[in-house]
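*Asks:* Have a look at the structure that comes next, please.
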Amino acid sequence: MGQFGSAPRRIRRTPFPTAIVQQLAPSGSKLDWTGFYGFGGGMDYSATRHVGLRIQADFVHDHLFNDLLKDSRNTLHVSIGPYFHFGRNVVR
């Protein structure tokens with residue numbers, strides 16, 4: 001019957017992770033609001049009407065948990081891969 005008919009499970013806490021969380025957030029919770037900015041874009045290179053190559057990149061700058069982390073971080077995601085168009089929806 002799965003989880004619907006059974007009693008809730010007791011969560012087993014291990015001492016090491018519990019000690020880390022208590023040091024970082026003594027109240028047991030942490031709230032942080034951070035603005036960020038980012039931009040990105042991409043291109044399609046069509047080899048034929050049905051097959052091509054898509055390249056895209058995104059850049060994001062943020063600074064999470066200002067009281068815990070010294071520096072901000074920049075993240076760059078780049079992806080390259082084939083794309084395929086199937087059926088008659090391709091304009092001739």
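*Asks:* Kindly indicate the residue of the range 68-92 that is in contact (Cβ under 8 Å) with a residue 12 or more places away in the chain and assigned to a loop (DSSP other than H, G, I, E, B) and also farthest from LYS30 (Cα to Cα) among those meeting that condition.
*Replies:* Of everything passing the filter in the range 68-92, ARG92 is farthest from LYS30 (Cα to Cα).
*Asks:* Let me ask something additional. If we scan the range 54-67, do we find a residue that is closer than 23 Å to LYS30 by Cβ, of a type in the set (S, T, N, Q) and out of contact with any helix residue (DSSP H, G or I) (no Cβ under 6 Å at 6 or more places or on another chain)?
*Replies:* yes
*Asks:* Now for a different question. Output the residue which, of all residues in the range 28-64 that are aromatic (Phe, Trp, Tyr) and over 16 Å from the mean Cα position of the chain (by Cα), is farthest from VAL78 (Cα to Cα).
*Replies:* Filtering first and then ranking leaves TRP33.
*Asks:* Looking at the range 9-46, which of its residues are surrounded by 10 or more Cβ atoms within 10 Å (Cβ to Cβ), part of a loop (DSSP other than H, G, I, E, B) and either at positive phi or not small (Gly, Ala, Ser) (or both)?
*Replies:* Once the filter is applied, which keeps residues that are surrounded by 10 or more Cβ atoms within 10 Å (Cβ to Cβ), part of a loop (DSSP other than H, G, I, E, B) and either at positive phi or not small (Gly, Ala, Ser) (or both), the range 9-46 yields LYS30, ASP32, THR34, PHE36.
*Asks:* Looking only at the range 47-65, which residues are loosely packed, with under 12 Cβ neighbours inside 10 Å and either under 13 Å from ILE80 (Cα atoms) or free of Cβ contacts under 8 Å to residues at least 12 places away in the same chain (or both)?
*Replies:* ALA47, THR48
*Asks:* State whether one or more residues within the range 2-14 are at pLDDT 80 or above and either over 22 Å from HIS77 (Cα atoms) or of a type in the set (Gly, Ala, Ser) (or both).
*Replies:* Scanning the range 2-14, I find at least one residue that is at pLDDT 80 or above and either over 22 Å from HIS77 (Cα atoms) or of a type in the set (Gly, Ala, Ser) (or both), so the answer is yes.
The values are calculated or read from the model by the stated rules, or taken from the named source; none is laboratory data. These figures come from a predicted structure and were not determined experimentally. Note that we place each Cβ from the backbone using ideal geometry, even for glycine, and neighbour counts take in every protein chain shown.
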